[in-house]
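First the structure, in the form of structure tokens, and then the observations on it.
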Amino acid sequence: MPPQSFSRLPGFRDFVPGELALRNHVFETWRRVATRYGFHEYDGPPLEPLGLYVEKSGAEIVGQLYNFDDKGGRRVALRPEMTPTLARILAERSRGMPKPIRWFSLPQLFRYERSQRGRLREHFQLNVDIVGESGVAADAEVLAVAVDAVRGLGLGEDDFVARVNDRRLVTRVLTAVGVAADRHADCLAVIDKAGRAGPDATGASLRALGLDAGAGDTLGSLIADGTWEHMKQRFADVPAVLEAMRPLAEHRAILDAMGLGGYVQFDFTVVRGLAYYTGIVFELFDRAGELRAICGGGRYDRLLELVGGEPLPAVGFGMGDVVLTELLRDRALVPAEAPACDCYIVWVGDEERTLGMSVGHRLRESGCRVMYSLRSQGLGKQLKAANRAGAAYAVIIGPDEAASASATVRDLRTGAQDTRSLESLIEHGPGGDRATSLGSGTGPPSRGGRAERKAT
Ligand code: HAM
């Protein structure tokens with residue numbers, strides 16, 4: 001057969017080691033933050049019954065499904081989001097579980113989208129959800145996790161903002177301006193796209209829905225200037241709207257108390273594209289407004305019931321890795337890649353090779369990351385390879401060392417060296433102090449706090 005070459009599918013990524021190190025850094029930060037809030041990690045299958053998404057997630061996401069009939073004739077889809085899987089799992093198991101349920105997951109998801117900056121055909125998401133609690137403190141809690149999951153990567157108040165709204169409030173506004181209930185879903189879809197569509201196209205879409213000029217103008221002005229103050233002024237004499245603003249006021253007060261109020265901003269245009277949201281909704285964006293949403297979520301109190309479970313209120317979010325890693329790159333917050341090796345064994349002649357491998361292996365057994373040359377090489381080449389591998393120490397064994405069961409340990413950062421017994425080397429590690437010399441750099445790349453930013 002003639003050789004064939006294959007390209008990666010559009011919208012999919014390879015993760016070579018440097019890129020995987022960044023992904024792991026993001027995942028470790030996400031896990032650290034979610035567990036700090038008392039969430040348990042779960043997962044589910046990447047392939048689900050197609051029916052789990054149809055109608056529950058909304059037309060947009062269904063149009064992006066990777067779906068097919070399997071060999072058993074089942075209609076299946078690669079998961080495009082995690083929330084329906086969570087709802088399905090809990091529909092089977094939530095009865096008898098203590099509430100609220102606090103679960104998180106890091107699934108890989110698949111959507112056949114037009115690939116563009118920040119949008120691919122696969123991505124990973126941090127999903128954090130609280131199920132079984134209807135109080136607004138749960139809404140504030142998940143938003144706090146989202147903010148901390150981004151802050152944990154070194155981004156701050158100048159870098160990103162959470163824009164929040166409440167679908168119940170938007171519904172009251174639509175009713176107040178005279179939009180018939182059967183037009184609400186269409187209006188939400190227009191408002192959802194307003195940021196990208198611009199005022200002219202949005203106005204035209206509202207008119208196309210048959211809204212009268214007054215309703216269209218009011219919605220247009222709220223889309224252009226959807227601040228809290230504007231809302232309060234415009235609806236000062238509409239008690240139904242003022243009442244629907246209360247949960248958000250309470251939500252904000254909780255986040256203020258947590259010291260996170262500076263990250264939160266009311267925005268009338270945030271209504272979320274997915275069909276199942278029922279209450280407070282939010283999205284995180286970079287402050288500069290250059291990128292797509294980093295994260296989106298909100299309250300969905302009816303989804304569990306819709307998939308056959310107990311009627312449990314729920315709230316959560318999904319935070320994607322694609323936009324977030326772009327932002328980390330833009331802000332030079334990508335941690336330097338950690339070396340894969342603590343200690344390189346160097347033998348002077350082939351006679352010391354067996355002893356060198358034996359010492360190396362015993363150091364590995366005690367947790368030290370050890371490399372050595374896999375072929376016969378001169379001393380100079382081996383030391384060069386030790387430096388290239390990023391090793392902190394070279395353990396050099398020549399005929400004299402072999403004869404006295406010792407090794408010369410060179411600190412490759414300072415050049416200082418001394419000779420030690422092999423017994424002591426193996427017991428204490430090449431740094432002489434196991435705690436500091438073994439496994440140095442075995443953890444994640446240094447966490448990207450502002451103080452640790454690399455120079456650009
Ligand atoms: P979503 O808004 O569809 O919500 O996605 C959440 C986040 O995932 C987005 O803000 C974005 O960062 C990322 N994302 C979505 N699609 C793509 C894509 N094609 N390429 C790269 N990143 C993408 C949900 O998925 C809801 N299930 C979240 C949720 C959990 N709501 C409640 N609980």
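Tabulated data for the structure shown
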{"quantity": "Computed over region 242-395: relative contact order in percent, which uses C-alpha pairs under 8 Å that are six or more apart", "calculated": "15 percent"}
{"quantity": "Net charge contributed by nearby residues that have their C-beta within less than 9 Å of V271 (K/R +1, D/E -1)", "calculated": "+1"}
{"quantity": "Helical contribution to [θ] at 222 nm, DSSP H n ≥ 4, -39,500 (n - 2.57), averaged over the chain, rounded to 500", "calculated": "-11000 deg cm²/dmol"}
{"quantity": "Radius ratio Rg over Rh of region 60-155, counting only Cα atoms, Kirkwood formula for Rh", "calculated": "1.03"}
{"quantity": "Fewest-first ranking of L412, L174, using other Cβ atoms within 10 Å as the exposure measure", "calculated": "L412, L174"}
{"quantity": "Region 221-376: equivalent-ellipsoid semi-axes (sqrt of 5 x gyration tensor eigenvalues, Cα, Å)", "calculated": "57, 20, 14"}
{"quantity": "Between 0 and 90°, nearest 10: helix 184-197 axis offset from the chain longest Cα axis", "calculated": "50 degrees"}
{"quantity": "Coordinate range along principal axes, alpha carbons of region 202-250, Å, largest first", "calculated": "36, 18, 16"}
{"quantity": "Distance (nanometres) between label positions extended 7 Å along Cα→Cβ at S366 and D200", "calculated": "7.4 nm"}
{"quantity": "For C368, C343, order by how many other beta-carbon atoms lie within 10 Å, fewest first", "calculated": "C368, C343"}
{"quantity": "Normalised convex hull volume, the chain, alpha-carbon set, Å³ per residue", "calculated": "218 Å³"}
{"quantity": "Cα-based helix-to-principal-axis angle, 136-151 vs the chain, degrees rounded to 10", "calculated": "40 degrees"}
{"quantity": "Convex hull volume per residue in cubic angstrom - Cα atoms of region 315-415", "calculated": "163 Å³"}
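Readers should treat all values here as calculations from the given coordinates under stated rules, not as data from a laboratory. Small disclaimer: the values here were computed from a predicted structure and weren't measured. Here Cβ is always computed from backbone atoms with ideal geometry, including for glycine, and neighbour counts include all displayed protein chains.
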